[in-house]
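Below you'll find the structure, written out as structure tokens, and then a few comments.
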Ligand code: ATP
């Protein structure tokens, strides 16, 4: 029997390794697809995280030379603080997060983490320091436990459960007949946008990166039905250097600084109260958002009554 078992066990190991490699390749393609030109400089050093303070210094960027997207962006996210980027669609918010990940490089200006220019650091070390909770999380065709473990391969079962609890997805998982072994993705159980995002949050909690980018969901309806997500996001960003790409405003109220972008420039900055008092672009956006929220609530109530 042992003669049969050994090769099977070996094959299992090979299978797991191949599967791991496939995922790494997926990751790699995702990165390469964005920009194959970004390479480590021959003398690039690993990023050394001390406090995890982020600074953009007069950053100019264009995807195509004839169309500037960011025009001289300077701001910093002090260690452990939260800065929110708001502004109309196309203002350049997500572009800022792509530059921080170094999917692209600025044409001029610098991005520093703890004083180190990220253009001079090794990409692998940079990306392992940054956690991203995207708007749309892609799940692997595997178990839900595996999808959480993706945040850190050596995590124990207990750590996975704790991450799921903090991300407020534990009771959902435990209600499934196969629990953490439930197959998800295209060939398994389909999760809602909010459930997928909570899996991404659990993953990020396991990864425990010093710097976090939260790309908030766009849909107003989502954020009404998924208040748990906001609580989970608040929890994961506490005491971590966090950049929030806010497509809605209700979630930025507590940010240490709100940066209002328009056409690639910072047009206002301050706390929520500062910006409301100054009665500018942000205050106008806030009032408009309240009208939209009110209309959404009315719609939801009408649907409930039907
Ligand atoms: P939204 O709130 O709609 O997500 P945003 O503020 O995040 O918008 P970005 O995604 O940063 O905006 O896009 C800024 C501008 O850059 C947009 O005009 C967009 O069309 C353009 N853009 C984004 N990605 C690319 C790309 N890969 N190639 C060329 N142009 C791009």
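Where a number appears in this text, it was derived from the coordinates with a stated rule and is not lab data. The model shown is predicted, which means the values in this text are computed figures rather than measured ones. All Cβ positions, even for glycine, are placed from backbone atoms using ideal geometry, and neighbour counts span all protein chains on display.
Note on 187, 248, 288: ascending count of other Cβ atoms within 10 Å places them as 187, 288, 248, the fewest first.
Order by neighbour count: 102, 269, 67, 45, fewest other Cβ atoms within 10 Å first, most last.
Neighbour counts put them in this order, fewest first: 67, 45, 269, 102.
Once the chain from residue 165 to residue 62 is taken as fully extended at 0.36 nm per residue, the excess over their C-alpha distance is 33.0 nm. The residue 108 and residue 276 beta-carbon pair, evaluated with R₀ = 25 Å, returns a calculated FRET efficiency of approximately 0.15.
Per the Debye formula on identical point scatterers at the alpha carbon atoms of the stretch 122-215, with no solvent, log10 I(q)/I(0) at q = 0.17, 0.24 Å⁻¹ is -0.68, -1.29.
The C-alpha radius of gyration of the stretch 230-281, expressed as a fraction of 2.2 N^0.38 Å, stands at 1.20. Residues 166, 300, ranked from the fewest to the most other C-beta atoms within 10 Å, line up as 300, 166. With a Förster radius of 35 Å applied to the beta-carbon distance between residue 158 and residue 231, the computed FRET efficiency rounds to 0.95. For residue 51 and residue 302, the FRET efficiency from 1/(1 + (r/R0)^6), where r spans their Cβ atoms and R0 equals 45 Å, is about 0.35.
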